[in-house]
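Trainee: Got a structure here, written out as structure tokens. Questions coming.
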Amino acid sequence: MRLIDSHAHLADERFDDDFDEVLLRARAVGVEAVIAIGYNVASSRGVVDLLDRATPAGSPALYGAVGFAPHNVEEADSESMSKVRDLLAHERVVAVGEIGLDYHYDMPPVQQRVILEQQLEWAVELQLPVVIHSREAQQDMVRMLADGGARTGQLRGVIHCFTEDPTMAEQVVELGFYVSFSGIATFKNAPEVREAIGRVPLERTLIETDAPFLAPVPHRGRRNEPAFVREVAGCVAEIHGRSADEVGEVTAANCRRLFNL
Ligand SMILES: [Zn+2]
């Protein structure tokens, strides 16, 4: 089986003690690459440090994304923004992310949009894909990604850990984006996420863990890790009526295409 975990917070301190074992367990189930994701200056630096670090023989290939997530916009002054932007120059940083809008928590929405817009412009300028976090922000998000059509063909990316209304999945596919599903798809209380999976063509689907968060069933409640992306592949496979192997194969190819791996 071939798998790529398109979104994991591998620089999280919860991986400090057994980082090499985590990578080898992922390899053992077929994970051939992992994209490590930042969300502010410290975590983005952590991502770049990981990319420069030696990993055990046979480990999955590591790539990175750096950016300012909506939860961290209050730290995003111009100095911090330029530090993150500088990290985009690393040769194995393959995307701007995670960036986005989150109207669920009480972070200032205007500031969220300003910081997002600035990073979308970096992505267009540097021709890098974006990794988007969107929660309860469907309308503004779709509007900003499209920018009245001005960004069509300029901006590529993925809506990660998709939990918005299934209609948004169709809207972003229409804009040329990919949609990534996490272990939430395996939770009993997430029928809308499973509906969204069914509405996104497999050719536009990515899979991820969002580790260390959101471990899929049957690991729910434990620390999540890239090896568990296999359970996400199994869940997507069931919904599409395909084999887990096929889903792994197709989503890995999608990931390589989007991030130019
Ligand atoms: Zn994340």
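Trainee: Could you list, ordered by first residue, the pairs with Cβ atoms under 6 Å in which the first is in the stretch 148-177 and more than 13 Å from V130 (Cα to Cα) and the second is small (G, A, S) and within 16 Å of the ligand (Cβ to nearest atom), at least 6 apart or interchain?
Mentor: Pairs that qualify, where the first residue is more than 13 Å from V130 (Cα to Cα) and the partner is small (G, A, S) and within 16 Å of the ligand (Cβ to nearest atom), are C161/S182; E164/S134.
Trainee: Could you list, in sequence order, all residues of the stretch 217-261 that are surrounded by fewer than 17 Cβ atoms within 10 Å (Cβ to Cβ) and within 17 Å of the chain's Cα centre (by Cα)?
Mentor: Of everything in the stretch 217-261, those that are surrounded by fewer than 17 Cβ atoms within 10 Å (Cβ to Cβ) and within 17 Å of the chain's Cα centre (by Cα) turn out to be A253, R256, R257, N260, L261.
Trainee: Taking the residues in the stretch 133-147 that are of a type in the set (D, E) and at pLDDT 95 or above as candidates, determine which candidate is farthest from the ligand (Cβ to nearest atom).
Mentor: Only one residue fits best here, namely D140.
Trainee: Can you name the number of the only condition in (1) on the phi > 0 side of the Ramachandran plot; (2) within 15 Å of the chain's Cα centre (by Cα) that G153 fails?
Mentor: So the condition that G153 fails would be (2).
Trainee: Taking the stated definitions as given, is R92 closer than 17 Å to H7 by Cα, more than 16 Å from the ligand (Cβ to nearest atom) and either in contact (Cβ under 8 Å) with a residue 60 or more places away in the chain or surrounded by 24 or more Cβ atoms within 10 Å (Cβ to Cβ) (or both)?
Mentor: no
Trainee: Suppose we keep only residues that are among the basic types (K, R) and surrounded by fewer than 16 Cβ atoms within 10 Å (Cβ to Cβ) within the stretch 15-62. Which one would you say is nearest to L101 (Cα to Cα)?
Mentor: R53
Trainee: Something else now. Which ones in the stretch 32-49 are among the β-branched types (V, I, T), within 15 Å of the ligand (Cβ to nearest atom) and assigned to a helix (DSSP H, G or I)?
Mentor: If the condition is that a residue be among the β-branched types (V, I, T), within 15 Å of the ligand (Cβ to nearest atom) and assigned to a helix (DSSP H, G or I), then V47 is the only one that fits.
Trainee: On to the next question. If you go through the stretch 128-137 one residue at a time, do you hit one that is closer than 15 Å to F68 by Cα, within 16 Å of the chain's Cα centre (by Cα) and small (G, A, S)?
Mentor: Yes: the stretch 128-137 contains one or more residues that are closer than 15 Å to F68 by Cα, within 16 Å of the chain's Cα centre (by Cα) and small (G, A, S).
Trainee: Also, I was wondering about something else. Scan the stretch 176-195 and give yes if some residue there is β-branched (V, I, T), under 13 Å from the mean Cα position of the chain (by Cα), within 15 Å of G97 (Cβ to Cβ) and buried (at least 23 other Cβ atoms within 10 Å of the Cβ), otherwise no.
Mentor: Yes, the stretch 176-195 contains a residue that is β-branched (V, I, T), under 13 Å from the mean Cα position of the chain (by Cα), within 15 Å of G97 (Cβ to Cβ) and buried (at least 23 other Cβ atoms within 10 Å of the Cβ).
Trainee: Could you check the stretch 115-163 and list, in sequence order, the residues that are assigned to a strand (DSSP E or B) and touching a Leu at 6+ places or on another chain (Cβ under 7 Å)?
Mentor: V130, S134, V158
Trainee: Let me ask you something else. Looking only at the stretch 65-77, how many residues end up being crowded, with 19+ Cβ neighbours inside 10 Å and more than 13 Å from the ligand (Cβ to nearest atom)?
Mentor: Residues flagged as crowded, with 19+ Cβ neighbours inside 10 Å and more than 13 Å from the ligand (Cβ to nearest atom) within the stretch 65-77 amount to 2.
Trainee: Taking D165, is it acidic (D, E) and more than 14 Å from the ligand (Cβ to nearest atom)?
Mentor: Considered against the rule, which asks whether it is acidic (D, E) and more than 14 Å from the ligand (Cβ to nearest atom), D165 comes out as yes.
Trainee: Still on this structure, please answer the following. Which of the following residues is under 20 Å from R27 (Cα atoms), among the hydrophobic types (A, V, I, L, M, F, W, C) and at pLDDT 95 or above: A169, A196, A185, A244?
Mentor: A244
The values are calculated or read from the model by the stated rules, or taken from the named source; none is laboratory data. This one's a predicted model, so the numbers in the text were calculated from it and none came from an experiment. No Cβ is skipped: glycine too gets one built from the backbone with ideal geometry, and neighbour counts run over all protein chains shown.
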